[in-house]
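Engineer: My questions will all concern the structure given below.
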Amino acid sequence: QLFEGLKAYRGEDGKIRLFRPKLNMERMLRSSLRMTLPGFDKGGNYGPTIFAQYEAAEFGCQQVLWLYGEDHQITEVGTMNLFLLWTNDNGEKELVTPPLDGIILPGVTRQSILDLARKWGEFKVSERHLTM
């Protein structure tokens, strides 16, 4: 049994107000941990991305390159983390991946690649925004 007691009230102005929603969600999280409920991917609703994948396939592409923001930051490819190995503007060989800034999923494979590449020391390894 989970404890969930979020209250919503309608004010005199007709607007709905929540009473301490953050505290209620923290309490629900604590009780779900006690019940040993598994975690979930809050970004797991990939339904809206399926149409874009179909469109990409019509053009002979296997994946969709996802962009974010006005400057078209490269975020992911399909549902995977993205790495680029290139020669940067300074003439250095560099492995680049977008940073974990709340948009990028912190994948185990992503972290493993970063750790191994840094250990090898054969090229510069960077976590930074990439734009189109």
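Engineer: Given the structure, is GLN62 at pLDDT 80 or above, of a type in the set (S, T, N, Q), in a loop (DSSP other than H, G, I, E, B) and closer than 30 Å to THR131 by Cα?
Structural biologist: So GLN62 passes the test.
Engineer: Test each condition in (1) touching a strand residue (DSSP E or B) at 6+ places or on another chain (Cβ under 7 Å); (2) among the hydrophobic types (A, V, I, L, M, F, W, C); (3) not assigned by TED's automatic domain parsing to the domain that holds LEU2 for LEU18 and report the one that comes out false.
Structural biologist: It fails just one condition, (3).
Engineer: List every residue pair whose Cβ atoms lie under 6 Å apart, where the two residues are 6 or more positions apart in sequence or sit on different chains, the first residue falls within segment 23-43 and is assigned by TED's automatic domain parsing to the domain that holds LYS7, and the second residue, located anywhere, is modelled with pLDDT under 85 and among the charged types (D, E, K, R).
Structural biologist: Here the result reads MET28/GLU4, each pair linking segment 23-43 to a residue that is modelled with pLDDT under 85 and among the charged types (D, E, K, R).
Engineer: Just the residues that are of a type in the set (D, E, K, R) and either closer than 22 Å to LEU116 by Cβ or in contact (Cβ under 8 Å) with a residue 40 or more places away in the chain (or both), please, taken from segment 61-94.
Structural biologist: ASP71, GLU76, GLU92, LYS93, GLU94
The values are calculated or read from the model by the stated rules, or taken from the named source; none is laboratory data. Owing to the predicted nature of the structure, the values given are computational and were not obtained by experimental measurement. Heads up, the Cβs are rebuilt from the backbone with ideal geometry, glycines too, and the neighbour counts pull from every protein chain shown.
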